[in-house]
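The next block holds one structure in the form of structure tokens; read it before the comments.
The values are calculated or read from the model by the stated rules, or taken from the named source; none is laboratory data. These numbers come from a predicted model, not from an experiment. FYI the Cβ positions are ideal-geometry reconstructions off the backbone, even for glycines, and counts take in every protein chain you see. Protein only, heavy atoms only, side chains kept; ligands, DNA and RNA dropped before computing areas. Shrake-Rupley method; radii C 1.70, N 1.55, O 1.52, S 1.80 Å.
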Amino acid sequence: NQAKPILKFAFLILIPLLAAVILWTTGWHFNFSSPLFFVPIVALAIFVLMNSINYQDGMDGLAGSLTAVSFGGFAVVSFLLGNAIGLILSLAFLGAALGFLVLNLPPAKIFMGDSGAYTLGFFLALLVILFSQVNIAGPLLLAGFPLAEGIWTNCRRLMRGRSIFYGDRNHVYDRMLQAGISPWKTLVFLVMVQVALVAIGILMFL
């Protein structure tokens, strides 16, 4: 069905734009921003993080584990800064990710799918936007490995003349699995990378 990718693309553009407009109208402003700056930048951030988490959902337990580490990091930062909204969002989605992981670790019995990955990515983006009002580098590090790999994946596909919406098997976890590393060792290694990035992100707020 040729209409399905077009419809998916339309929603992936419209939903971040709508969310950015709603955030602006409800008072989520950068100190130096106007709507003409805030809305496209925030929409882009939501779009990138939604897709970045979705990219990590190609391996059992990976998207849930990486986002759980990020939400845990944001919970720590929220507590340190006394940010009630951040703490509520962080703990809620930390709990959701951990509860899901019980049946999603290798070999998975349940799967996240696009809707789950996009939901986690969306709320992770909200936390990044919320704490970017304090500093920029910290929230990006708290998003961590999925954000970095997601940006690289988009750039890699565009440089090869491919659509960012057509999947491939060239993600970091794919390369590790193709090299003969077991799913559990791959998962543990990438979670350790995420923990290191998130720990540095937390230090940026101290």
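Numbers for the structure displayed
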read-out	value
Residue order for Met204, Met176 - accessible surface, 1.4 angstrom probe, largest first	Met204, Met176
Ordering of 88-97, 68-77 by packing [mean C-beta count within 10 Å, highest first]	68-77, 88-97
Inter-part distance where segment 148-162 and segment 168-183 are each reduced to a Cα centre, Å	17 Å
Solvent-accessible area per residue for the chain (1.4 angstrom probe, square angstrom)	50 Å²
Computed label-point distance, nm, for sites Cys155 and Ile200 using a 7 Å Cα→Cβ extension	1.5 nm
Three-way shape label, segment 1-154, alpha-carbon gyration tensor, a/c 1.5	oblate
Cβ-Cβ FRET estimate between Leu36 and Ala10, R0 fixed at 25 Å, reported to 0.05	0.65
Overall Cα dimensions of segment 72-206 - principal axes, largest extent first, Å	44, 36, 26
Trp28, Trp152, ranked by accessible area, largest first (probe 1.4 Å)	Trp152, Trp28
Of the DSSP H helices in the chain, those whose Cα atoms cover at least 15 Å axially and whose Kyte score averages 1.0 or more	3-25, 35-55, 62-81, 84-101, 113-131, 183-203
Top positive-direction residue, dipole computed over segment 110-197 with Cβ charges, set Gly121, Tyr173, Val134	Tyr173
Accessible area of the chain belonging to carbon and sulfur atoms, whole % at 1.4 Å probe	75 percent
